[in-house]
Ligand SMILES: O=P(O)(O)OC[C@H]1O[C@](O)(CO)[C@@H](O)[C@@H]1O
């Protein structure tokens, strides 16, 4: 992973090399704190040791009994789905990957109607084992399998914590299961059993993903000038401090579209604390040059744009044409056009004084993805250290969970009462 901060200098908001030099002293101290937490397997910091602590053989052993399924359906939500989904979207496989990470009946019904249930692995993932959406979807899929005459116990892999509903289910039915590493919050679990089981089922090289993570680990140092991850974390923190309240992450690769969704949870759930944080906006290049870019260039000067691309990609030539107006495209290629648009968008943001950071990986493959995921996790942890927030907890999401559970009769929660007290101003 390579980071270029050049277009975040002297912009609005913007950084200076003096700012970065002063910040570098704090990066050194933060790095010491981070490495100590990793060494002590401390909650949260343990995530940054996963490239060395995750066990590929454990993952391969758990999925080995499923042969090569036609499809894998992940039932999970948040960090229990997005890491696996990022890898599945990015890497090609003849094993189709699907995700149920919402409880939309239309979506669930349509998906279950299409799935070859007898040849699908049901990959149920929940660290807590209590997440309503995941458990509800599991019950629905299990019944759909039964209705189709499929023995769900032959098709189900469980990844969960040491106790809870899913652990009991796996034990009761002797299901293949994987542990969720205890000290790792879901949004930091992509490089663990949580994120890698689907990759193993799809025939991808899990060791290569972890090797990429180790590349990221090796690049961590006491200086932002020597560590791309820390450079990104320090720059985004400093820009937020100076008014960049939104970070629009804009990968120039369809294969990285889900990566932006994964990043959004990582950034929002880790850094949105105590009235602080930086709103992750999900964008996609070149498509959003024809939509959101208008706001990024000419809206309020409160944004940073993170432009992500692989520097190598398979290509598709653009045929020559006798249409004069299109002659400049003929003989070029889609990849060439995409790269030209990446650089043009980068320059257009700079011309409008909008800070933008370039993040590049060699290609979208297992090793580069492992390094990119790791790098953004390390960047997030550093940002959290600099901002002095509790990076690894997410207390604010609990209120809504209790209200929903109370509304469904799942317990006596005062939060549910607040729903009935809604202030109304109805316009119909
Ligand atoms: O893996 P679990 O426990 O089902 O949690 C799923 C997601 O829900 C959250 O706990 C938030 O409610 C996320 O942090 C997590 O990734």
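Every read-out reported here was derived from the displayed coordinates using simple, explicitly stated rules and does not represent laboratory data. Just so you know, these numbers come straight off a predicted model, no measurement behind them. All Cβ positions, glycine included, derive from the backbone under ideal geometry; neighbour counts span all protein chains shown.
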* Asked: Given the options 318, 77, 59, which has the most mean-square fluctuation in a GNM of the chain, springs set between C-alpha atoms less than 10 angstrom apart?
  -> 318
* To do: Identify which of 274, 417, 94 has the largest mean-square fluctuation in a Gaussian network model of the chain, with springs joining Cα atoms closer than 10 Å.
  => 417
* **Whole-angstrom gap from the range 349-373 to the range 109-133, using each part's C-alpha centre** => 32 Å
* To do: As a check on your grasp of the helix formula, calculate [θ] at 222 nm for the chain: sum -39500 (n - 2.57) over DSSP H runs of n ≥ 4, divide by the residue count, round to the nearest 500.
  => -14500 deg cm²/dmol
* **407, 48 arranged by Cβ crowding within 10 Å, fewest neighbours leading** => 407, 48
* **Most mobile listed residue (159, 11, 130) in the chain, GNM with C-alpha springs under 10 Å** => 130
* Asked: Name the residues of the range 132-173 whose amide N is less than 13 Å from a point 7 angstrom out from the Cα of residue 418 along the C-beta direction?
  -> none
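With a/c under 1.5 counting as rounded, go ahead and sort the range 48-204 into rounded, prolate or oblate using the C-alpha gyration tensor (a ≥ b ≥ c being the square roots of the eigenvalues; past the cut-off, prolate if a/b is larger than b/c, else oblate).
Numbers: a/c = 1.42, a/b = 1.28, b/c = 1.11.
Rounded is the answer for the range 48-204, as its axis ratio a/c remains below 1.5.
Taking 8 Å as the Cα distance limit and 6 or more residues as the minimum spacing, I'd like the relative contact order of the chain as a percentage. Can you show the working numbers first?
Working: 802 pairs, mean separation 97.4, N = 428.
Once normalised by length, the contact order is 23 percent.
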* Asked: When 188, 66 are ordered from fewest to most other Cβ atoms inside 10 Å of their Cβ, what list results?
  -> 66, 188
* Footprinting exposure proxy for 35, 160 (fewest neighbouring C-beta atoms within 10 Å first) -> 35, 160
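With a ≥ b ≥ c the root eigenvalues of the C-alpha gyration tensor of the range 309-428, is it rounded (a/c under 1.5), prolate (a/b larger than b/c) or oblate? Working shown, then result.
Working: a/c = 2.77, a/b = 1.95, b/c = 1.42.
Prolate shape, in that a/c is at least 1.5 and a/b is the bigger ratio.
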* Asked: Among the DSSP beta bridges whose two residues both lie in the chain, what percent are antiparallel, rounded to the nearest 5?
  -> 10 percent
* the range 12-28 versus the range 173-216: alpha-carbon centroid distance in Å -> 35 Å
